[in-house]
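Encoded as structure tokens, the structure appears first; notes follow it.
What follows draws every value from the coordinates through simple rules; no lab data is involved. Not measured: the values here are computed from a predicted model. Positions of Cβ are generated from backbone atoms using ideal geometry, with glycine treated the same way; all protein chains shown enter the neighbour counts.
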Amino acid sequence: MTTSASHRLRSLLDEVGTVDQTGIEERVQKYATRSVKKHSKVFGLKLAVSMVDLTTLEGKDTPGKVLSLCQKAVHPHEDAAIPSVAAVCVYPSMVKHARRHLSGSAVRIASVATAFPSGQTPLATRLKEVRSAVGDGADEIDMVINRGAFLAGELDLVQDEISAVREACGKATLKVILETSELETYDNIRLASFLAMRVLRAGDFIKTSTGKTSANATLANNQVMLDAIRDHYFQTGVEIAMKPAGGIRAAKQAITFLVAVKETLGDRWLNNTRYRFGASSLLNDLILQLEKERTGRYQAPYALSEASGNY
Amino acid sequence: MAQKKSPTPVRELLFGNLWEFDPSPESASPNIDPRYDLFINGKTVVPRSGKYFASTSPRNGKKLADIAEAGAADVEAAYVAASQAFPKWSRLPGAERGKYLFRIARLLQDRSREFAVAETLDGGKPIRESRDFDVPMAAAHFFYFAGWADKLDYLAAGRKAVPLGVIGQVIPWNFPLLMLAWKIAPALAGGNTVVLKPAETTSITAMKFVSILHAAGLPPGVVNIVTGASETGSAVIRHPGAAKIAFTGSTAVGKEIQRATAGTGKRLTLELGGKAANIVFEDAPIDQAVEGIVNGIFFNQGHVCCAGSRLLLQESVADAVLRRLKLRVQQLRVGDPLDKNTDLGAINSPQQLRKIQALVKCGVHEGADLYQPEVNLPKKGWYFPPTIFSNVSMSHQIAREEIFGPILSVLTFRTAEEALEKANNTRFGLSAGVWTDKGSRILKMSGALKSGVVWANTYNKFDPASPFGGYKESGFGREGGKHGLLEYLQLT
């Protein structure tokens with residue numbers, strides 16, 4: 001990183017404040033010690049189901065695969081008490097297939113646009129991709145930020161690009177993926193959160209990861225972003241939503257993330273317009289645990305329909 | 001951060017009851033006997049007086065067990081046993097003594113859940129703390145000093161370290177088992193024998209510890225435990241057979257002990273009260289500082305001698321920190337200490353509760369601003385909500401006296417010099433905290449703060465290898481680490 005780049009990052013950091021690594025990692029460990037049992041567990045599990053962005057992002061995705069994903073999104077399980085998920089999340093070329101299956105349902109269609117996951121194409125190309133996905137019927141766009149520009153200290157460029165994508169979204173909800181593992185430090189995650197939030201609308205999201213790098217959502221990354229959302233809300237009154245993505249596979253993990261939301265942002269963020277999980281295999285574990293609470297027994301893995309890849 | 005005084009809309013977060021947690025009580029059995037006798041010369045014995053007193057649980061006010069009250073004759077018997085055991089124990093090869101201590105540490109780990117539940121029932125602290133801190137830390141102290149037992153010759157180059165003899169030890173009620181470990185482990189590692197008196201409200205884990213000594217096969221008389229109130233403690237301290245007295249407790253009692261031991265030739269270490277300053281500079285990471293402030297004052301209901309009970313905030317960030325602190329305190333769950341989700345348990349005794357209530361009343365009377373989150377305290381037992389006083393000044397009683405409860409006094413400062421002046425303007429000097437992003441400031445402050453421990457960007461962190469102790473009226477002598485071990489040895 002050049003000196004002037006680190007200077008620009010530093011001056012924004014002076015404005016929004018820093019994060020202490022040891023302190024925040026210690027803080028989030030306390031969420032994991034919360035013991036969530038009985039009714040509170042069932043409530044948490046169902047809430048988590050309703051917040052899932054059921055995802056398939058593979059080169060081998062086909063209309064058929066997307067159909068089965070949509071089916072699972074609307075009816076995750078034969079038990080009707082288990083709610084639909086929040087959205088399906090697919091590549092832009094799959095949006096029109098998802099639209100065919102999901103018209104008339106409450107499940108929304110999210111699409112990763114902007115040359116996901118690297119974002120390394122010209123802006124014009126990325127914007128065109130966004131407009132085309134929205135035109136095909138996407139309700140939500142998951143974009144990636146320009147990490148290269150961020151690390152080079154070109155913060156205005158990062159922010160301007162987010163603004164441009166937001167314009168291209170029209171009425172679609174925007175989710176801004178910071179790709180936390182490539183930002184590397186908690187300070188940078190906090191900075192990038194503010195850069196994004198300052199040009200977002202209420203109800204737009206900031207999101208941890210693409211799920212395509214080695215490290216994905218962690219409790220600590222999630223906490224840095226929740227704290228930033230709270231501070232931004234105090235400053236502006238704008239309620240930004242949050243989506244951790246990648247690496248959340250177990251129901252217990254999801255509950256712990258929700259405890260963090262409950263204790264940081266409170267009840268108004270405990271719904272799927274303010275919090276989502278980007279995940280695929282998580283859904284089956286949530287169902288497994290809900291069935292265990294209902295019947296008292298764990299089901300065999302084959303009792304549940306297939307997981308949709310590893311996200 | 002801009003400090004404009006324009007009317008901004010109030011933006012509040014909603015912490016309601018959308019997602020309530022169900023009760024989640026820890027279910028392990030504490031195995032508490034209905035009656036505990038004294039432990040002298042390797043045997044449990046009935047007190048000569050035949051007197052017992054009740055030990056009640058602060059959780060619900062119910063009686064847990066009858067505890068023997070040791071009189072002067074019992075204390076005498078304990079000292080006789082300890083001095084008879086001393087020659088053999090002190091001449092045992094260090095590695096052999098170490099084996100006993102390692103065994104004790106492992107046995108404590110094996111039975112950690114049982115001890116955690118007993119500690120919570122007896123003292124009122126949340127099970128999360130007794131399970132994750134008290135019991136594991138007690139075991140860690142035995143492990144640590146077990147390792148030293150055969151290395152005493154390397155404590156000081158070219159010099160030999162010899163044990164002192166019989167040690168009289170009196171411990172407090174805030175960390176009953178952990179303080180027992182802090183006292184017994186280094187004494188035994190050094191080759192001394194011990195007469196220990198637990199606090200009268202929290203004797204149960206000390207008496208349960210007797211079963212661990214039995215299982216470890218510790219020779220009779222090496223550790224003797226006499227229970228009782230202040231008269232028993234006085235007998236332990238005044239007994240002429242003691243080579244050294246080690247005391248942890250209040251400053252008032254510490255002063256009495258110093259008077260009583262003056263001119264007797266007994267060595268003395270005192271670990272007494274505190275009124276620690278936790279200093280937050282404007283460049284500190286605010287949310288982590290808030291977490292540290294909460295750990296500093298609400299850990300163990302504030303029954304901590306090194307509690308960060310005076311919060312010093314730099315004026316430019318005072319409002320921002322206070323706002324986030326209040327939000328954080330709303331998330332603390334106050335109630336049944338046995339519930340795994342409880343953050344703030346019961347106040348140790350009705351006397352302590354009355355003292356806290358009186359000082360809080362005094363704070364309100366003196367004009368400080370009181371903040372308490374809405375909490376539903378259990379009907380039975382002794383509880384007090386987490387409390388924050390802001391707009392406190394140095395002349396307020398709540399800024400000067402040790403409250404020993406979940407009460408935080410918030411003051412502000414403008415410059416590092418002013419922070420230092422305020423932090424050191426106290427008769428105590430046990431601990432302090434500094435929160436800043438700037439390393440040089442940490443070094444400067446830690447050198448100038450008159451306190452035994454300075455935590456930087458963290459608070460209430462302990463390790464058996466790290467010495468702990470105070471300046472001024474917080475006492476003298478160190479516990480833990482090499483320094484703590486040397487307090488139990490004579491270098492020749």
Filtered pair list for the range B:109-262 (Lys only, Cα < 26 Å, 8 or more apart or interchain) has a length of 17
Taking R0 as 25 Å and r as the Cβ-Cβ distance between A:Asp156 and B:Glu12, the FRET efficiency 1/(1 + (r/R0)^6), rounded to the nearest 0.05, comes to 0.15
Place a point 7 Å from the Cα of B:Ala456 in the direction of its beta carbon; the residues of the range B:247-279 whose amide N falls under 17 Å from it are B:278-279
So the angle from the long Cα axis of helix A:123-135 to the longest Cα principal axis of chain A, reported in degrees to the nearest 10, equals 30
Taking R0 as 51 Å and r as the Cβ-Cβ distance between B:Ala465 and A:Lys128, the FRET efficiency 1/(1 + (r/R0)^6), rounded to the nearest 0.05, comes to 0.25
Honestly the range A:3-303 on the Cα gyration tensor test (a ≥ b ≥ c root eigenvalues; a/c under 1.5 rounded, otherwise a/b vs b/c for prolate or oblate) is just oblate
Rg from C-alpha atoms of the protein assembly as shown, normalised by the globular rule of thumb 2.2 N^0.38 Å, equals 1.07
Relative contact order in percent for the range B:277-456 (Cα pairs under 8 Å, 6+ apart) equals 28
As straight-line cross-link partners of A:Lys41, the qualifying lysines (C-alpha separation under 22 Å, not fewer than 8 residues apart within one chain) are A:Lys30, A:Lys243, A:Lys252, A:Lys262, A:Lys292, B:Lys340
By the C-alpha gyration tensor axes a ≥ b ≥ c (rounded if a/c is under 1.5, else prolate when a/b exceeds b/c, else oblate), the shape of the range B:262-342 is oblate
The Cα extents of the range B:338-394 along the principal axes, largest first and rounded to whole Å, are 37, 23, 18
So the angle from the long Cα axis of helix A:38-50 to the longest Cα principal axis of chain A, reported in degrees to the nearest 10, equals 60
B:Asp110 and A:Thr273 label points (each 7 Å along its Cα→Cβ direction) are spaced in nm at 5.9
Out of A:Ala149, B:Thr202, A:Val16 - ranked by how far each Cα lies towards the positive end of the dipole of the protein assembly as shown, with unit charges on the beta-carbon of charged residues - the top one is B:Thr202
For chain B the mean separation of alpha carbon contacts under 8 Å (6+ apart) over residue count, i.e. relative contact order in percent, is 17
With 0.36 nm assigned to each residue of separation and the Cα-Cα distance removed, B:Asn31 to B:Phe53 gains 6.0 nm
Counting only DSSP beta bridges with both partners in the protein assembly as shown, the antiparallel fraction in percent, to the nearest 5, comes to 20
About its Cα centre, the range A:195-311 carries a charge dipole, from +1 on Lys and Arg Cβ atoms and -1 on Asp and Glu Cβ atoms, whose size in debye to the nearest 20 is 100
About its Cα centre, chain B carries a charge dipole, from +1 on Lys and Arg Cβ atoms and -1 on Asp and Glu Cβ atoms, whose size in debye to the nearest 20 is 920
Asserting the computed 222 nm helical MRE of chain B (DSSP H runs at least 4 long, -39500 (n - 2.57) per run, divided by residue count, to nearest 500) equals -11500 deg cm²/dmol
Helix B:315-330: inclination vs chain B longest Cα principal axis, degrees, rounded to 10, gives 70
Rounded to 0.05, the calculated FRET efficiency for the beta carbons of A:Gln120 and A:Lys171 at R₀ = 35 Å is 0.80
Distance in Å, no decimals, from the C-alpha centre of the range B:235-255 to the one of the range B:154-184 is 13
Quick numbers on the range B:27-101, Rg and Dmax over C-alpha atoms in Å, give 16.7, 48
Counting only DSSP beta bridges with both partners in the range B:277-456, the antiparallel fraction in percent, to the nearest 5, comes to 10
Everything considered on the Cα gyration tensor (a ≥ b ≥ c; rounded for a/c under 1.5, else prolate if a/b is larger than b/c, else oblate), the range A:1-152 must be described as oblate
